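Okay, so here's the structure we're looking at.
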Amino acid sequence: MVRRSRVLAAMLLAGTLAVTSGCSGSDSDDSAGGEGKATRKITYVTAFGAVGRDAFVWVAKEKGYFAEAGVDVDIKEGAGNVPNLTALKAGEAQFAALDFTGAVIQAGKGAFTEWRAVAAVHQQTLVAVMTTKDTKISTPKDLEGKTLATATGSVTELLFPAYAQLAGFDKNKVTIKGAQTTALNGLMASRQVDALGTFLLSRTALENATKKEVVVLPYSDYLRDLFGNAIITTPTLIQQDPDLVRRVTNALLKGLQYTIDHPEEAATILNKVKPTYPVAAGVGEIKAMTPYVKPAGGAAIGAMDEQRVARTIALMQASGLITQQLTPDRVVDFGFVTKA
């Protein structure tokens, strides 16, 4: 009787283990993310905080795109390129968004090299000079003799010499004032500076802070090859589980497409996550970034062109911003987004 009970218990335990293993996140059970497949848990870090430009990841989660891909995503608010790259390097996240050009500069300095972009969020850089109309600054040349505030060490600051050269003004005649990102609009509102080096998606926030008409001078008018934000992961994960990378990338891009197609709904989804961020601000930022999301020439959303990346690297080298030799495949894996 005892022996029979032990055999029955062993059979029950084996059955329990079989059920449990079927629900685990092991790589062997996670090939397609469809019904009956295990759900993989990942951590994703936004480019910066919880604002309109990053709404698409919460949209992808809300609309069930990650669930359809067999992915359970934990979304963390990012704090810029270096913190995001650090999180990826430390294994605290598997995916992140960040400014692509800034990340290329980091790789070219040898500081962070174990990352690869898998899709572009913005087809052009979003960095820009912003000012108010009363400053009489309407062209890049008008910056000479003025003071410009920008986040210390930001890509806006790093690219300023290249922007000045191509835009035809003397960078040495512009006083650069370093500041915290969150302090920039206040400096402009109080007229402690004449202009800001910032992101063009901040236009509405600057208008609200200054109560004045804002003038925007995009870097992309002269630095046309530079991408804006991109989605990145690690080369190790790409090698070990390319199917997971593909599924996550597809879910994110579906969220990005839905976001630009439905800005009001996307901003409302973001507001549920971040109640302190107004829906109107989210709508404004999403609408402002929409023209920068859609690729030219009929390419698929998220596509990255190898020749453009090569020209970006060449520009960074010519500007003295990177010291190591880079090739496009060292910063982008082009296999996860259809080119056309």
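The values are calculated or read from the model by the stated rules, or taken from the named source; none is laboratory data. Quick caveat: nothing in here was measured; it's all calculated off a predicted structure. Neighbour counts are summed over all protein chains in view; Cβ atoms, including those assigned to glycine, are modelled from backbone coordinates with ideal geometry.
Structural remarks
- Only listed residue being surrounded by fewer than 21 Cβ atoms within 10 Å (Cβ to Cβ), modelled with pLDDT under 95 and touching a strand residue (DSSP E or B) at 6+ places or on another chain (Cβ under 8 Å), chosen from Gly34, Gly49, Gly22: Gly49
- Test for Gly197: is it under 29 Å from Leu315 (Cβ atoms) and modelled with pLDDT under 95: yes
- None of Thr234, Thr181 is in contact with a helix residue (DSSP H, G or I) (Cβ under 9 Å, 6 or more places away or on another chain) and either polar (S, T, N, Q) or assigned by TED's automatic domain parsing to the domain that holds Arg116 (or both) except Thr234.
A quick yes/no check of all residues on (1) of a type in the set (Ser, Thr, Tyr); (2) assigned by TED's automatic domain parsing to the domain that holds Leu252; (3) in contact (Cβ under 8 Å) with a residue 24 or more places away in the chain; (4) over 22 Å from Ala120 (Cβ atoms):
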| position | (1), (2), (3), (4) |
| --- | --- |
| Lys274 | no, yes, yes, yes |
| Pro291 | no, yes, no, no |
| Ala299 | no, yes, yes, no |
| Asp305 | no, yes, yes, no |
| Arg311 | no, yes, yes, no |
| Leu315 | no, yes, yes, no |
| Leu321 | no, yes, yes, no |
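- So Thr181, is it of a type in the set (Ser, Thr, Tyr), within 22 Å of Lys294 (Cα to Cα) and out of contact with any Leu (no Cβ under 7 Å at 6 or more places or on another chain): no
- Single condition Pro161 does not satisfy, out of (1) surrounded by 22 or more Cβ atoms within 10 Å (Cβ to Cβ); (2) in a helix (DSSP H, G or I); (3) of a type outside the set (A, V, I, L, M): (1)
- In segment 53-81, residue surrounded by the most Cβ atoms within 10 Å (Cβ to Cβ) [restricted to those that are among the small types (Gly, Ala, Ser) and farther than 19 Å from Ser154 by Cβ]: Ala55
- Every residue from segment 190-216 that is within 12 Å of Thr131 (Cβ to Cβ), of a type in the set (A, V, I, L, M) and buried (at least 16 other Cβ atoms within 10 Å of the Cβ): Val193, Ala195, Leu196, Leu206, Val214, Val215
- Arg191 being in a loop (DSSP other than H, G, I, E, B) and in the same structural domain as Pro140 (by TED's automatic domain parsing): yes
- Selected residue (criterion: surrounded by the fewest Cβ atoms within 10 Å (Cβ to Cβ)) from residues of segment 166-188 that are in contact with an Asp or Glu (Cβ under 7 Å, 6 or more places away or on another chain) and part of a loop (DSSP other than H, G, I, E, B): Asp170
- Residue satisfying condition, being within 27 Å of the chain's Cα centre (by Cα), among the small types (Gly, Ala, Ser) and not in a helix (DSSP H, G or I), within set Ala149, Ala107: Ala149
- One residue stands out among those in segment 56-70 that are among the small types (Gly, Ala, Ser) and over 15 Å from the mean Cα position of the chain (by Cα): the one that is farthest from Ile42 (Cα to Cα), which is Gly64.
- Considering residues of segment 56-92 that are part of a loop (DSSP other than H, G, I, E, B) and of a type in the set (A, V, I, L, M, F, W, C) only, the residue nearest to Thr290 (Cα to Cα): Ala69
- Out of Thr276, Thr268, one residue alone is hydroxyl-bearing (Ser, Thr, Tyr), surrounded by fewer than 18 Cβ atoms within 10 Å (Cβ to Cβ), in a helix (DSSP H, G or I) and at negative phi. It is Thr268.
- The set of residues in segment 285-335 that are assigned to a loop (DSSP other than H, G, I, E, B) and at pLDDT below 90 comprises Lys294, Pro295, Ala299, Ala300, Ser319, Gly320, Leu321, Ile322, Thr323, Gln324, Gln325.
Rundown of residues vs (1) farther than 17 Å from Arg116 by Cβ; (2) touching a strand residue (DSSP E or B) at 6+ places or on another chain (Cβ under 9 Å); (3) surrounded by 14 or more Cβ atoms within 10 Å (Cβ to Cβ); (4) among the aromatic types (Phe, Trp, Tyr), yes/no style:
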{"position": "Ala296", "(1), (2), (3), (4)": "yes, no, no, no"}
{"position": "Met304", "(1), (2), (3), (4)": "no, yes, yes, no"}
{"position": "Thr312", "(1), (2), (3), (4)": "no, no, yes, no"}
{"position": "Asp333", "(1), (2), (3), (4)": "no, yes, yes, no"}
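- Of the residues Gly284, Gly297, Gly320, Gly302, the single one that is within 20 Å of the chain's Cα centre (by Cα) and farther than 23 Å from Glu207 by Cα is Gly302.
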